[in-house]
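Novice: Structure provided below as structure tokens; questions to follow.
The values are calculated or read from the model by the stated rules, or taken from the named source; none is laboratory data. Model, not experiment: these values are computed from the prediction. Note that each Cβ is placed from the backbone with ideal geometry, even for glycine, and that neighbours are counted across all protein chains shown.
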Amino acid sequence: MSQRKQKLNVAMIGSGFIARVHSNAFHQVGYFFKLPNDLHLKVICGRDRAKLEAAASQWGWEEVETDWRAIVGREDIQVIDIAVPNALHAPIAMAGAQAGKIVLCEKPLAMSLEEAESMARAVRHVPNLVWFNYRRVPAVAFAKRLIEEARIGQTFHYRATYLNQSGNDPTKGSGWRYRRAEAGSGAIGDLLSHSVDMALYLNGAITDLSAMTHAFAPGRDVDDAVILSVHFANGSIGSFEASRYAVGCRNRNTFEIHGSRGMLRFNLEDMNRLEFYDATEAPNLQAGRSLMVTGPDHPYAENFWKPGHIIGYEHTFIATLGDFLGALAREESFHPNFEDAALVQRVLDAAERSAVSRTWVTLN
Ligand code: SOE
């Protein structure tokens, strides 16, 4: 007799770009991962009923709701997924956790470090996740594996960029991502947060940093660009640059890591590839190898297509959700969770303080 799977009713809070990405992941995850649960796209919530109804019919949500508090109070909802402007993350996540829901939240977690830390405390008793999806790019997960196998040896340099040109587009500048009251910061929270999460994942803790920020648009109250110099606890040094004015770059999320035995290089715009330079080979053979990380024996090769049959942005969310649901069933903790995101926020907070004070800031 087949065992009945536990039903999880999901509520999506938000109906914009990222809510569509998450909706897709909820639909697709069961095709690619063996799920212990039966996911049900129960209700989508936002302010504008007409927009919600269109989103519900396009993305297969059963009901619409205009008040997130009503959702938190519902007994039949087990999962709350927060995909709204950053200022709303804390109240929804805290209320959701208090009601015993499983809480998933978009990045950056919070508007400030204090808020991030109190959110991390508030969700401790419930399963939780923050959508730092780029950890689950197979090439990034493979870079992690190669680092753990000491393939690049002792790290010397970590260099990251997250560059787009959205700030230079006059139609974008009026959105919530460009207002401090709703976003908390600009490129720092939106873009740098991803690079910092990947750096903490791949290269460990940052001990101190120096940052500069800049706003190109007159009167804008958030940063358009940020540049960071850092020391890592493992003895390596790093640089980060995030900008919304990098004209010519659409979504260039990169890292390069130089170690004593080799180098790794990744660019999201060519996300199925990871460059690996093996400095232990004979000098006359040393060169960067462009590995296509789609299997065999690559992360997620068993979940997605055959080797060489490339995957895309959406699969990183599907893999994040698949891993989360697997960990949930095994009663294991999942990363990145709210605590991991609070550590990212600690770096973002230090960057803002350093830029204002024009001094190095130590993270303790
Ligand atoms: C917009 O800048 C954005 O959608 C970010 O908010 C995402 O986190 C990033 O992954 C893609 O760009």
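Novice: Quick one: which strands (runs of 3 or more DSSP E) sit completely within the stretch 251-307 and have at least 3 residues that are within 16 Å of the ligand (Cβ to nearest atom)? I'd like the intermediate steps shown before the answer.
Specialist: Working: elements: 252-259, 262-267, 273-278, 288-292.
Counting at least 3 such residues, we get 252-259.
Novice: Another question, if that's okay. Condition test on HIS22, is it modelled with pLDDT of 95 or more, within 19 Å of GLY322 (Cβ to Cβ) and within 15 Å of the ligand (Cβ to nearest atom)?
Specialist: Numbers: modelled with pLDDT of 95 or more: yes; within 19 Å of GLY322 (Cβ to Cβ): yes; within 15 Å of the ligand (Cβ to nearest atom): yes.
Yes: the conditions hold for HIS22.
Novice: Can you go through THR207, THR213 and tell me which one is of a type in the set (Val, Ile, Thr), surrounded by 18 or more Cβ atoms within 10 Å (Cβ to Cβ) and more than 12 Å from the ligand (Cβ to nearest atom)?
Specialist: On the way: THR207 fails: surrounded by 18 or more Cβ atoms within 10 Å (Cβ to Cβ).
Only one candidate passes the filter, namely THR213.
Novice: Would you call ARG346 assigned by TED's automatic domain parsing to the domain that holds SER195 and on the phi < 0 side of the Ramachandran plot?
Specialist: Values: assigned by TED's automatic domain parsing to the domain that holds SER195: yes; on the phi < 0 side of the Ramachandran plot: yes.
Answer is yes for this residue.
Novice: Another question, then. Can you find a residue that is free of Cβ contacts under 8 Å to residues at least 24 places away in the same chain and of a type outside the set (A, V, I, L, M, F, W, C) anywhere in the stretch 187-201?
Specialist: Within the stretch 187-201, the subset free of Cβ contacts under 8 Å to residues at least 24 places away in the same chain is none.
No; the residues of the stretch 187-201 include none that is free of Cβ contacts under 8 Å to residues at least 24 places away in the same chain and of a type outside the set (A, V, I, L, M, F, W, C).
Novice: Could you say which residue among VAL43, VAL10 is outside the structural domain of GLY322 (by TED's automatic domain parsing) and either of a type outside the set (A, V, I, L, M) or over 29 Å from SER112 (Cβ atoms) (or both)?
Specialist: Numbers: VAL10 fails: either of a type outside the set (A, V, I, L, M) or over 29 Å from SER112 (Cβ atoms) (or both).
Matching residue, one of VAL43, VAL10: VAL43.
Novice: Mind listing just one residue for me: the one in the stretch 146-175 that is within 16 Å of the ligand (Cβ to nearest atom) and in a strand (DSSP E or B) and, of those, farthest from ARG252 (Cα to Cα)?
Specialist: The qualifying residue farthest from ARG252 (Cα to Cα) is ALA160.
Novice: Considering each residue of the stretch 1-19, count those that are surrounded by fewer than 16 Cβ atoms within 10 Å (Cβ to Cβ) and more than 16 Å from the ligand (Cβ to nearest atom), and give that number.
Specialist: Counting residues in the stretch 1-19 that are surrounded by fewer than 16 Cβ atoms within 10 Å (Cβ to Cβ) and more than 16 Å from the ligand (Cβ to nearest atom) gives 7.
Novice: Residues to consider are LEU325, LEU291; find the one that is of a type in the set (A, V, I, L, M) and farther than 30 Å from PHE276 by Cα. So that I can check it myself, show each step before the final result.
Specialist: Values: LEU291 fails: farther than 30 Å from PHE276 by Cα.
Of LEU325, LEU291, the one residue that is of a type in the set (A, V, I, L, M) and farther than 30 Å from PHE276 by Cα is LEU325.
Novice: List, please: which pairs have Cβ atoms under 7 Å, are six or more places apart or on different chains, and start with a residue in the stretch 319-334 that is closer than 14 Å to ASP81 by Cβ and end with one that is outside any loop (DSSP other than H, G, I, E, B) and modelled with pLDDT under 95?
Specialist: LEU325/ASN37
Novice: Check THR316, THR294, THR320 and return the single one that is surrounded by 13 or more Cβ atoms within 10 Å (Cβ to Cβ), at pLDDT 95 or above and touching a His at 6+ places or on another chain (Cβ under 8 Å). Show your work before the answer.
Specialist: Working: THR316 fails: touching a His at 6+ places or on another chain (Cβ under 8 Å); THR320 fails: touching a His at 6+ places or on another chain (Cβ under 8 Å).
Being surrounded by 13 or more Cβ atoms within 10 Å (Cβ to Cβ), at pLDDT 95 or above and touching a His at 6+ places or on another chain (Cβ under 8 Å) holds for just one of THR316, THR294, THR320, which is THR294.
Novice: Going through the stretch 42-86 one residue at a time, which ones are of a type in the set (Gly, Ala, Ser) and under 17 Å from PHE17 (Cα atoms)?
Specialist: From the stretch 42-86, those of a type in the set (Gly, Ala, Ser) are 46, 50, 54-57, 60, 70, 73, 83; that's our starting set.
Within the stretch 42-86, GLY46, ALA50, ALA54, ALA55, ALA56, SER57, GLY60, ALA83 qualify.
Novice: Being touching a Pro at 6+ places or on another chain (Cβ under 7 Å) and either over 22 Å from HIS22 (Cβ atoms) or at pLDDT 95 or above (or both) is true for just one of PRO127, PRO170, PRO218, PRO138. Which residue is that?
Specialist: Details: PRO127 fails: touching a Pro at 6+ places or on another chain (Cβ under 7 Å); PRO170 fails: touching a Pro at 6+ places or on another chain (Cβ under 7 Å); PRO218 fails: touching a Pro at 6+ places or on another chain (Cβ under 7 Å).
Matching residue, one of PRO127, PRO170, PRO218, PRO138: PRO138.
Novice: Let me ask something additional. Please find, among ASP223, ASP197, the residue that is assigned to a loop (DSSP other than H, G, I, E, B) and within 15 Å of the ligand (Cβ to nearest atom).
Specialist: Exactly one residue qualifies, and that residue is ASP223.
Novice: Another question, if that's okay. Whether any residue in the stretch 131-143 is basic (Lys, Arg) and touching a strand residue (DSSP E or B) at 6+ places or on another chain (Cβ under 9 Å) is what I want to check. Write out each step before concluding.
Specialist: Our first condition is that a residue be basic (Lys, Arg); within the stretch 131-143, this holds for 135-136.
When the remaining residues are screened for being touching a strand residue (DSSP E or B) at 6+ places or on another chain (Cβ under 9 Å), the result is none.
No, the stretch 131-143 contains no residue that is basic (Lys, Arg) and touching a strand residue (DSSP E or B) at 6+ places or on another chain (Cβ under 9 Å).
Novice: Still on this structure: Given the residues ALA233, ALA279, which is the only one that is of a type in the set (A, V, I, L, M, F, W, C), under 28 Å from LEU343 (Cα atoms) and out of contact with any Asp or Glu (no Cβ under 9 Å at 6 or more places or on another chain)? Full working, then the answer.
Specialist: Details: ALA279 fails: under 28 Å from LEU343 (Cα atoms).
The match here is ALA233.
Novice: Can you pull out the residues in the stretch 71-91 that are without any contact (Cβ under 8 Å) to a residue 60 or more places away in the chain and exposed (fewer than 13 other Cβ atoms within 10 Å of the Cβ)?
Specialist: Result: GLY73, GLU75.
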